[in-house]
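The values are calculated or read from the model by the stated rules, or taken from the named source; none is laboratory data. None of the values given here were measured: they were computed from a predicted structure. As a convention, Cβ positions derive from the backbone with ideal geometry for all residues, glycine included, and neighbour counts pool all protein chains shown. Ligands, DNA and RNA are stripped out before the accessible areas are found, and what is left, the full protein with its side chains, is counted by its heavy atoms. Shrake-Rupley method; radii C 1.70, N 1.55, O 1.52, S 1.80 Å.
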Amino acid sequence: MNPILAGVALAVTVGAVLAISARESRAGLVGLAIALAAAPFLAAPIPNVSTLAMRVIGAALAAYLVRAAVATGPGLPARPWSEPTRGGSQLGWPAEGLLAIAAWIVGVAVSARLEVLSPAGSGIPPGDVFGLLTPEALATGAGLASIVLGLVATFAARSAVRTTIGALILSQGLLLVRIGVAGAPSDLEQLAGVALLLAIAIAGGVLLGAEGQRGADDVSSTESNPRLSGSGRMNPGDR
């Protein structure tokens, strides 16, 4: 087991749990930035400096685009962290953490099985638990945990920011599983991965803008119509 890669895989998983479970935009975006920025280092061998820099800068840019959309969307004050509460996981971080641990166990088991089925066979001695944590297993475990955490947030979220964060975590998980199963990607695949994350972040910014505009329109229509109460219905005395 490589302790450095193990620490990187742990950082990716903790960042994903924080991004998905946090009820504040600030904490969720910090977790998203950690997960996206640490993931490029989870490969063996580590990509060359230029490719690694491209991945890290692309991940940071994707996180920044989401942060900018949250802070300056229509109907929101144009200042950082202007919308502190955006929902978060209904399960809470303990349950999300348990899901991540379960996904890790499955990912390591799958990686160990693939290693056994390879033509060279597995050189891991029986009973060596830490020997199972190969670079491929670490990437597969962190990737599968990100997929499990991002699925619900992507397809069952009630806010655009949570959907965007979930989609980014889900996509990063798919990229990590691909590394764990098929090895380090080529430079062209690395570029495609960065483009995917940026496209999701831009689409999320559009969704956030539409959500903010819709909320502003709802508030404006309610305030301009004195016959509507706070619940959106007519007051009995107005009939």
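Would region 41-48 turn up any residue that is assigned to a helix (DSSP H, G or I) and under 19 Å from Asn2 (Cβ atoms)? For region 41-48, residues assigned to a helix (DSSP H, G or I) and under 19 Å from Asn2 (Cβ atoms): present.
One line per residue, one yes/no per condition, for (1) open to solvent by 20 Å² or more (accessible area, probe 1.4 Å); (2) closer than 23 Å to Val14 by Cβ; (3) assigned to a loop (DSSP other than H, G, I, E, B); (4) at pLDDT below 60:
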{"position": "Leu151", "(1), (2), (3), (4)": "yes, yes, no, no"}
{"position": "Leu168", "(1), (2), (3), (4)": "no, yes, no, no"}
{"position": "Leu174", "(1), (2), (3), (4)": "yes, yes, no, no"}
{"position": "Ala199", "(1), (2), (3), (4)": "yes, no, no, no"}
{"position": "Val206", "(1), (2), (3), (4)": "yes, no, no, no"}
{"position": "Ala216", "(1), (2), (3), (4)": "yes, no, no, yes"}
{"position": "Ser220", "(1), (2), (3), (4)": "yes, no, no, yes"}
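Given the criteria modelled with pLDDT of 90 or more, among the aliphatic types (A, V, I, L, M) and closer than 16 Å to Gly150 by Cβ, does Ala63 qualify? Here the answer is yes, as Ala63 does meet what is asked. For the condition open to solvent by 20 Å² or more (accessible area, probe 1.4 Å), of a type outside the set (Phe, Trp, Tyr), at pLDDT below 80 and more than 25 Å from Ile46 (Cα to Cα), Pro119 does not qualify. Of the residues that sit in region 101-116 and are among the small types (Gly, Ala, Ser) and at pLDDT below 80, which one is farthest from the chain's Cα centre (by Cα)? Only one residue fits best here, namely Ala112.
Conditions tested, residue by residue: (1) in contact with a helix residue (DSSP H, G or I) (Cβ under 7 Å, 6 or more places away or on another chain); (2) at pLDDT 90 or above; (3) buried (at least 16 other Cβ atoms within 10 Å of the Cβ).
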position: Ala9; (1), (2), (3): yes, yes, yes
position: Val12; (1), (2), (3): yes, yes, yes
position: Ser25; (1), (2), (3): yes, no, yes
position: Gly75; (1), (2), (3): yes, no, yes
position: Arg79; (1), (2), (3): yes, no, no
position: Glu83; (1), (2), (3): yes, no, yes
